[in-house]
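Trainee: The structure follows.
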Amino acid sequence: MGSDFALVSEACERTQPVFPVNIAIADKNPMVLSALEALLTRDRRFNLLLMTSNGLQFLNSLAHLPVSLGVIGWELPPIRAPEILQVLAKREGAPKIVVYSGTRDGRAPAETLRLGGAGFVSKLSPPERLLEVFAAVAAGDMVFPFVDIQKVRPNPLTSLTHRERDLLAALESGRSNAQLAREFGVSINTVKFHLRNLFGKLDVRNRTQAICLYLETKR
C-alpha cells in the first residue's frame, strides 16, 4: 500500500472476501460513473449492481440489493455523503462505504471516518489504487489518507439540510428575515421556522452564535 494511506484492520484477523464483491456506485458526474463502470467490469473480483447519480436512489436501492460495498461521491443530489453515512449507520446489514471524491474539504476524510465509512480515496489517485482499496475494504480493512485523530470530532453542520446550510451561509452577511425571505422566495414565517430548526440542530440560541459556529467550521 502507498505510504500516504493508513490501513486499519477492523478485526484481529483479516477476513477473506468472497469474490465477486457486489458493488453499488453513486456519483453526480456521469463521466466518473462511466469510468468506474469500465474499470470494474474489467476486474472479475467485482460485480457492479447499481450506478446512479442520485443519493436517495442509492439509499433506497441498498434496501433490496445484495450489495456489500458502496462507493459514493462527497456531494450528491439531493443529499451529501455524510447524510448517507448517518442513515446507513443505523441500518442493519448495511454495506461498507468508500468515499471517492475530489472535494477540497480537508475535513472530508476525517468526517468519513467518524461517521463509519470504511475508506476515502481522492479522485487524483490512479485507477489501480482504487481497485486496491476496494479489495482491502472487502477484506475487512479501513483505508484512509493520514487522519489526525485529534481532529476527528463531530461537525455540527452535517446534520443540516441543504436549505438550512444555505440559510446559515446567508446569515453571515447580516441579512434580515425579510431579506432572507425575498432571497429564498418564502414567507418570513417560513424563514423563522427554518431558523428555529437550524438553531436547535446547532444547539445555539441566536444568530450570533450560529454565525460564530459556522465560521469556526470553515477554518
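The values are calculated or read from the model by the stated rules, or taken from the named source; none is laboratory data. No experiment lies behind these values; they were computed from the predicted model shown. Positions of Cβ are backbone-derived with ideal geometry, glycine not excepted, and every protein chain shown enters the neighbour counts.
Trainee: Go over the candidates ARG104, ARG207 one by one and state the one that is charged (D, E, K, R) and loosely packed, with under 14 Cβ neighbours inside 10 Å. Lay out the reasoning, then the answer.
Mentor: Numbers: ARG207 fails: loosely packed, with under 14 Cβ neighbours inside 10 Å.
Matching residue, one of ARG104, ARG207: ARG104.
Trainee: Can you go through ALA81, ALA63, ALA94, ALA110 and tell me which one is hydrophobic (A, V, I, L, M, F, W, C), at pLDDT 90 or above and within 18 Å of PHE144 (Cβ to Cβ)?
Mentor: Details: ALA63 fails: within 18 Å of PHE144 (Cβ to Cβ); ALA94 fails: within 18 Å of PHE144 (Cβ to Cβ); ALA110 fails: at pLDDT 90 or above.
From the options ALA81, ALA63, ALA94, ALA110, the qualifying one is ALA81.
Trainee: Of the residues in segment 74-84, how many are farther than 14 Å from LEU56 by Cβ and touching a strand residue (DSSP E or B) at 6+ places or on another chain (Cβ under 7 Å)?
Mentor: The total comes to 1.
Trainee: Shifting gears a bit: Considering only residues that are surrounded by 13 or more Cβ atoms within 10 Å (Cβ to Cβ) and either farther than 15 Å from ASN177 by Cβ or in contact with an Asp or Glu (Cβ under 7 Å, 6 or more places away or on another chain) (or both), which ones fall in segment 194-204? Can you show your working first?
Mentor: Just the residues of segment 194-204 that are surrounded by 13 or more Cβ atoms within 10 Å (Cβ to Cβ), to begin with: 194-195, 197-199, 201-202, 204.
Within segment 194-204, HIS194, ASN197, LEU198, LYS201, LEU202, VAL204 qualify.
Trainee: Restricting attention to segment 113-126, which residues are under 19 Å from LEU33 (Cβ atoms) and either part of a loop (DSSP other than H, G, I, E, B) or at pLDDT below 90 (or both)?
Mentor: Once the filter is applied, which keeps residues that are under 19 Å from LEU33 (Cβ atoms) and either part of a loop (DSSP other than H, G, I, E, B) or at pLDDT below 90 (or both), segment 113-126 yields LYS123, LEU124, SER125, PRO126.
Trainee: Also: Within segment 160-179, which residues are within 15 Å of the chain's Cα centre (by Cα) and assigned to a loop (DSSP other than H, G, I, E, B)? Outline the logic, then answer.
Mentor: Going residue by residue through segment 160-179, those that are within 15 Å of the chain's Cα centre (by Cα) are 160-162.
The answer is LEU160, THR161.
Trainee: Only one of VAL143, VAL191, VAL137 is part of a helix (DSSP H, G or I) and in the same structural domain as PHE46 (by TED's automatic domain parsing). Can you tell me which? Before you say what the answer is, go through the steps one by one.
Mentor: Numbers: VAL143 fails: part of a helix (DSSP H, G or I); VAL191 fails: in the same structural domain as PHE46 (by TED's automatic domain parsing).
Just one listed residue meets the conditions, VAL137.
Trainee: Does any residue in segment 160-173 that is surrounded by 15 or more Cβ atoms within 10 Å (Cβ to Cβ) come within less than 7 Å, Cβ to Cβ, of a residue that is of a type outside the set (D, E, K, R) and not in a helix (DSSP H, G or I) six or more places away or on a different chain, and which pairs are these?
Mentor: If the second residue must be of a type outside the set (D, E, K, R) and not in a helix (DSSP H, G or I), the pairs left are LEU168/LEU160.
Trainee: Among the listed residues LEU157, LEU59, LEU88, identify the single one that is in a helix (DSSP H, G or I), under 30 Å from ARG196 (Cα atoms), among the aliphatic types (A, V, I, L, M) and touching a Ser or Thr at 6+ places or on another chain (Cβ under 6 Å).
Mentor: Details: LEU59 fails: touching a Ser or Thr at 6+ places or on another chain (Cβ under 6 Å); LEU88 fails: touching a Ser or Thr at 6+ places or on another chain (Cβ under 6 Å).
Within the list LEU157, LEU59, LEU88, the selection yields LEU157.
Trainee: Continuing with the same structure: State the number of residues belonging to segment 92-104 that are touching a helix residue (DSSP H, G or I) at 6+ places or on another chain (Cβ under 8 Å) and not aromatic (Phe, Trp, Tyr).
Mentor: 7
Trainee: Now for a different question. Tell me whether segment 180-199 contains one or more residues that are within 14 Å of the chain's Cα centre (by Cα) and hydrophobic (A, V, I, L, M, F, W, C). Can you show your working first?
Mentor: Within segment 180-199, the first condition is being within 14 Å of the chain's Cα centre (by Cα), and the residues that meet it are none.
No, that holds for no residue.
Trainee: Which ones in segment 93-126 are farther than 17 Å from VAL21 by Cα and in contact (Cβ under 8 Å) with a residue 40 or more places away in the chain?
Mentor: TYR100, ARG107, ALA110, GLU111, ARG114, LEU115, LYS123
Trainee: Still on this structure: Exactly one condition in (1) among the aliphatic types (A, V, I, L, M); (2) at pLDDT 95 or above; (3) under 12 Å from ILE25 (Cα atoms) is not met by LEU76; state its number.
Mentor: Only one criterion in (1) among the aliphatic types (A, V, I, L, M); (2) at pLDDT 95 or above; (3) under 12 Å from ILE25 (Cα atoms) is unmet by LEU76, namely (2).
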